[in-house]
Amino acid sequence: MNYTRDKKTLLTVYFACYYAVFAFFFLDSRLLSQYQPIFFNFNHDLTELLLLATGIPKWMIAHPASFLYADVLVLLTPTLLLGFYIKKGRFSRLLGVFFSFLLGFYLLLANIFWQVHPEPFILYVLLSAVFWTKSEKGFYTLLSGCRYYFLYIFVSAALWKVLRGGLFNGGEMSRILLQHHSDLLTGACDSLSCRVYIFLIGHPALSWWLYFGGVLLEASFLIGFFTRRRDKMLLGFAVLFVVADLLVMRIPYWTILMGGVTLWIGPGSRRSPAGSGIIIYETTHHENLPALLDLCEAHFNRVVVYLKNLSYENLSGKGSPAQRWPRTEFVVQETDCPNRVFIQRMFSFGKKEGFSHLHLSTLDNNLLFFAYKLWINTELHVSLTVHEVNEYFALFFASLRDVTESVAKRILHRRIRSHTMFLPAIAGRLQQRLPGAVAVFIPSRFYQSQDPGDSTPTPHRPFRVVIPGSVDPNRRDYEEAVKFFTGWLTRTIAPSRPIELVILGDSNTPFGARIIAQLQNLESPFFRLIHYQGYVPELVYERQIETADLLWSPLKVNKKSSRNSPETYGQTTASGLTADLLLNNTPALAPSGFELPEAFRPALLSYSSPTELNAIFTRLLEDKAYYRELRGQIHRAFSFFIKENFNDAFELLTGLDQKTKKG
Amino acid sequence: MKWLLIGFIILQVGLDLAHSVTAFPFVHYGMFSESFDQPDSLLVYEVTVDSILLKPNDFRVYRWDMVQVPLAGFEQEQLGQDADSDQPKPGDSPALVEARLIYRSILPQQLENDDSLAIHFPQWYKQYLSRLLGHPVRTLRVDKAWYRYSNGRLQLLQKKNWINS
């Protein structure tokens, strides 16, 4: 659904038809100022009687200039409405309401004075209520209501013909044609159409079939009450009906086709073919979304992301997510909206809009709720980002929550058969645990940095070491970093180059404060510390990583998951380092035991002892040729991480490979 | 908004069930649904302008409509004035008749066309035809002609001059 696009489409179709109607009124001398009536008709309409009772029609007859005012008003008001929309980008409720009433009033007058027969114009009045609303929801609700009315026009016409007996009268169409074309038939009747009418009148059985076909065509609109999937077909039927009406009945009913816009736009109306709409749910690890979004935009016609405001604001370091992924719709969770409500809304939206794919980048702590929703939404193709393989398969029964989560996991293992992970080794592990399931490696983001050979190094600037991630003793060994820098800075030999250390994560914990205090004690002209408290904005985060000379991830290779399952970095869980690395071509220090696949390897500098760490540091700082060559090697290796190299994995993940094969 | 729409649809269906009465914007789409009998005769207004008979084939559909509609309206108005206008006409629903009676009792003047309409109509129609045809109309003659369908064609039963101006 694209609100702006749909609004523009509606405005274009609506007012193109609106002015076409009035252009033909003018050409046929039907404008009130052209007709200049001196009497009014009584029709079987209570509203018209009410209007007559006000005395307005009689007053207008006595004051013919008022007909011109009515014409001018009905022709100019839309320009005001449109002018306001173009200037402000939204509708004016006051003008919208005025326009609706004016149009209704004009149609009533036209029917009172020259029998306009308002039936095909009712939708013009009803759809004009769309101009009353400033909200997207209101817009689509009205559009949807008008769609039902458009369907109702045809279906009720069919019902009338059945219930009033027209359909069961064998001579019906013949007699209708006779009465309707009587003035045409009294003449020479030498035109083709006149001869056809005479033929049909003379063959009642044959013409009855035309009537029956018309009823069938009208009745077919009933399907629109149950599904939107046939809207395009129904639009075609509406055109067919109008053409047939013109040829057989000589009734130019084209004005009703404006209502066809409700079949063209609106929720789910331009539903993409199966497999071309995906929803992504991500509320915890937004830093892993970029590659997925790039791939989704390349493979799906519609991409909708459900995420938290914090995630939205930090999804893209450079520019807003809406600018970076212009074809993606972002649905942001309000602060007072509980996760479960947000998830419920996502499933409702997906069902209503007919999305075929759902990717869960996280399961939050709502495993059972997700399991239930997925179990009942059997048609969705679901894929999942697995962050911790052991945790995903661990079953616990110590508490009620453990039990429900364990039950949920069993359901999820059966229901979700497509998985993505941030390292190939983790995908391999998952496939061992879930034989037959799809498990692919797709990185967090694609590599887009310039060749380091193109940049000019700044001389004499400090060597910048960045330790990314929150200061968490469970995941990283910060003591090791403190110990190293203490040793490095208290050596008898003065450091060849000053060091700037960036602790790029929240250090606002007792543990973090202690580490920061220890490092601050080391500050001197040769050592400067930068640290953060609280959430580090993505823009700052990415800038720090991009300008780093060295990343250091003092990982505890074996760690415990949030539910105490043992995990191994690089094997069963991925470190944020793999995402950080792809922001530039910076080498990264990590303890031995942490393994990365081939394409990452040139960037990974492993150490198993303080001596090795010392040696690596010394070489990086002192051997400029080595350092330059190393960055070049990393750049060449990282060139593998482009979107084109992961299309196959993505198609496998989403099942689009099967669609391609079938196609 | 949703409930307004639901309310509208309920009213629409209700008005549809009430058959012959409507209350704009609640209208029927029941055109050509009643079971038609073979008509005994067919009334056609034949309009002759400056001695030339106007033919439907020479006009766009709605332009021809505008030649015919005023005549039909005028005749309806005359019929209404001839008969007791408070009496129901064929096809009127009880609700419509009652509403008309109430209106007439409260605002009798507003629901009546001008008494002089019969006098002014021919001249007005001539002027309107001039605007419609794009040239001044000097003489106008309108005949009411009744035809019967027989042997694959319409046969004239009777013709009566109605308007001469």
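Bear in mind that the values in this text are calculations on the coordinates, not laboratory data. Given the structure is predicted, the values throughout are model-derived calculations rather than measurements. Backbone-built Cβ (ideal geometry, glycine too); neighbour counts: all protein chains shown.
On C-alpha positions alone, give me the angle between the axis of helix A:204-219 and the longest principal axis of chain A, in degrees, nearest 10.
Helix A:204-219 sits at roughly 30 degrees to that axis.
Please compute the average number of Cβ atoms from other chains found within 10 Å of each residue's Cβ in peptide B:56-69.
Averaged over the peptide's residues, the number is 5.
Would you please put A:336-344, A:258-266, A:467-475 in order of how densely packed they are, using the mean number of other Cβ atoms within 10 angstrom per residue and starting with the highest?
Ranked from most to least packed, the peptides come out as A:258-266, A:467-475, A:336-344.
Taking only DSSP H segments of four or more residues, each worth -39500 (n - 2.57), what value at 222 nm results for chain A once the sum is divided by all its residues, to the nearest 500 deg cm²/dmol?
After summing the helix terms and dividing by residue count, I get -15500 deg cm²/dmol.
If you find the alpha carbon centre of the stretch A:80-126 and of the stretch A:540-563, how far apart are they in angstrom?
Their Cα centres are 61 Å away from one another.
Please report, in debye to the nearest 20, how large the charge dipole of the stretch A:145-270 is about its Cα centre when each Lys and Arg carries +1 at its beta carbon and each Asp and Glu carries -1 there.
500 debye
Measure up A:Lys161/B:Lys159; A:Lys137/A:Lys373; A:Lys8/A:Lys352; A:Lys559/A:Lys624; A:Lys161/A:Lys232 against 32 Å on the Cα-Cα distance and list the ones that go over.
A:Lys161/B:Lys159; A:Lys559/A:Lys624, as the Cα separations exceed 32 Å there.
State the answer as a single residue: which of A:Val407, A:Gln333, A:Gly104 lies farthest towards the positive end of the charge dipole of chain A, with beta carbon charges of +1 for Lys and Arg and -1 for Asp and Glu, about the Cα centre.
Result: A:Val407.
Looking at the protein assembly as shown, which Cys residues are left with no other cysteine's beta carbon under 4.7 Å from theirs?
By the Cβ distance rule, which asks for a partner under 4.7 Å, the isolated cysteines are A:Cys17, A:Cys146, A:Cys296, A:Cys337.
Identify, among A:Ala65, A:Gly55, A:Thr79, the residue whose Cα sits farthest towards the positive end of the charge dipole of the stretch A:48-143, taking +1 on the Cβ of Lys and Arg and -1 on the Cβ of Asp and Glu, with the dipole about the Cα centre.
Of A:Ala65, A:Gly55, A:Thr79, it is A:Thr79.
Please state the shape class of the protein assembly as shown: rounded when a/c is under 1.5, otherwise prolate if a/b exceeds b/c and oblate if not, all from the C-alpha gyration tensor. Intermediate values should be presented prior to the final figure.
Numbers: a/c = 3.42, a/b = 2.90, b/c = 1.18.
Taking the square roots of the gyration eigenvalues as a ≥ b ≥ c, the protein assembly as shown is prolate.
Once Lys and Arg get +1 and Asp and Glu get -1 on their Cβ, which of A:Ile416, A:Leu384, A:Ala291 lies farthest toward the positive end of the dipole of the stretch A:277-441?
Of the listed residues, the answer is A:Ile416.
In nm, what is the difference between 0.36 nm times the number of residues separating A:Ser33 and A:Ser592 and their Cα-Cα distance?
Values: separation 559, 0.36 × 559 = 201.24 nm, distance 9.02 nm.
So the chain would gain 192.2 nm between A:Ser33 and A:Ser592.
Treating the beta-carbon of each Lys and Arg as +1 and of each Asp and Glu as -1, no other charges, what is the dipole magnitude of the stretch A:452-641 about its Cα centre, to the nearest 20 debye?
Charge dipole of the stretch A:452-641: 220 debye, to the nearest 20.
Apply the a/c threshold of 1.5 to the C-alpha gyration tensor of the stretch A:550-627 and tell me whether it is rounded, prolate or oblate.
The shape class here is prolate.
To the nearest 0.05, what FRET efficiency results for A:Arg324 and A:Asn365 with a Förster distance of 35 Å applied to their C-beta separation? Please report the intermediate quantities before stating the final value.
Numbers: r = 29 Å, r/R0 = 0.84.
So, using R0 = 35 Å, E works out to roughly 0.75.
Nearest 0.05, what FRET efficiency do A:Ser191 and B:Ser35 give at R0 = 35 Å with Cβ-Cβ as r? Don't skip to the end; give the middle numbers.
On the way: r = 29 Å, r/R0 = 0.84.
Approximately 0.75, to the nearest 0.05.
Which residues in the stretch A:146-166 place their backbone N less than 15 Å from a point set 7 Å from the Cα of A:Ala219 along the Cα-to-Cβ direction?
Inside the label zone: A:154-166.
Would you mind computing, in nm to one decimal, how far apart the modelled labels at B:Leu133 and A:Arg433 are, each placed 7 Å from Cα along Cα→Cβ?
9.1 nm
Rounded to the nearest 5, what % of DSSP beta bridges with both residues in the stretch A:452-641 are antiparallel? Provide the component values of the computation, followed by the final result.
Numbers: 5 of 26 bridges.
Roughly 20 percent of the DSSP beta bridges within the stretch A:452-641 come out antiparallel.
Would you mind pulling out the separation of the Cα centroids of the stretch A:486-536 and the stretch A:148-171, in Å?
Cα centres, the stretch A:486-536 to the stretch A:148-171: 82 Å.
Report relative contact order for chain A in percent, whole number only (criteria: Cα-Cα under 8 Å, sequence separation at least 6).
It rounds to 10 percent for chain A.
Roughly how crowded by other chains is peptide B:147-158, in terms of the mean Cβ count from those chains within 10 Å of each of its Cβ atoms?
If you average over the peptide's residues, the count of other-chain Cβ atoms is 3.
Using 1/(1 + (r/R0)^6) with R0 = 45 angstrom and r between the beta carbons of B:Leu43 and A:Arg5, what's the FRET efficiency to the nearest 0.05? Don't skip to the answer; put the middle values down first.
Details: r = 52 Å, r/R0 = 1.16.
Computed FRET efficiency for B:Leu43 and A:Arg5 comes out at 0.30.
Which order do peptides A:163-173, A:284-294 fall in by mean Cβ count within 10 Å, highest first?
So the peptides A:163-173, A:284-294, ranked by packing, come out A:284-294, A:163-173.
For A:Met233 and A:Thr509, compute 0.36 nm times the residue count separating them, minus their Cα-Cα distance, and round to one decimal in nm.
93.1 nm
Of the listed peptides A:642-650, A:387-395, what is their order by residue-averaged count of other C-beta atoms within 10 Å, with the highest listed first?
A:387-395, A:642-650
What does the net charge come to around A:Ser191 if you take all other residues with beta carbon closer than 14 Å to its beta carbon, with K and R at +1 and D and E at -1?
0
I'd like the mean, over residues of B:118-128, of how many other protein chain beta carbons sit within 10 Å of each residue's own Cβ.
Across B:118-128, the average partner-chain Cβ count within 10 Å equals 2.
Could you please report the charge total around A:Arg175, scoring K, R as +1 and D, E as -1 over all other residues with beta-carbon less than 11 angstrom from its beta-carbon?
Details: positive: none; negative: A:Glu172, B:Glu34, B:Asp37.
Around A:Arg175, the charge tally is -3.
Counting pairs of alpha carbon atoms under 8 Å apart in space and at least six apart in sequence, what relative contact order in percent does the stretch A:1-159 give?
Relative contact order here is 21 percent.
Could you check what % of the DSSP bridge pairs in chain A are antiparallel, to the nearest 5? Walk me through the numbers before you get to the answer.
Values: 6 of 54 bridges.
Once the DSSP bridges in chain A are tallied, antiparallel ones form about 10 percent.
State to the nearest 20 debye the size of the charge dipole of the protein assembly as shown about its Cα centre, where the only charges are +1 on K and R beta carbons and -1 on D and E beta carbons.
Charge dipole, the protein assembly as shown, about its Cα centre: 1260 debye, nearest 20.
Please state the shape class of the stretch A:452-641: rounded when a/c is under 1.5, otherwise prolate if a/b exceeds b/c and oblate if not, all from the C-alpha gyration tensor. Intermediate results must be reported in sequence, preceding the final value.
On the way: a/c = 1.43, a/b = 1.07, b/c = 1.35.
Note, shape of the stretch A:452-641 comes out rounded.
Counting pairs of alpha carbon atoms under 8 Å apart in space and at least six apart in sequence, what relative contact order in percent does the stretch A:225-338 give? Present the calculation step by step, with values, prior to reporting the outcome.
On the way: 120 pairs, mean separation 23.2, N = 114.
This gives 20 percent for the stretch A:225-338.
Tell me the net charge near A:Arg445. Cut-off is 9 Å between Cβ atoms, A:Arg445 excluded, with +1 for each Lys or Arg and -1 for each Asp or Glu.
Combined, the nearby Lys, Arg, Asp and Glu give -2.
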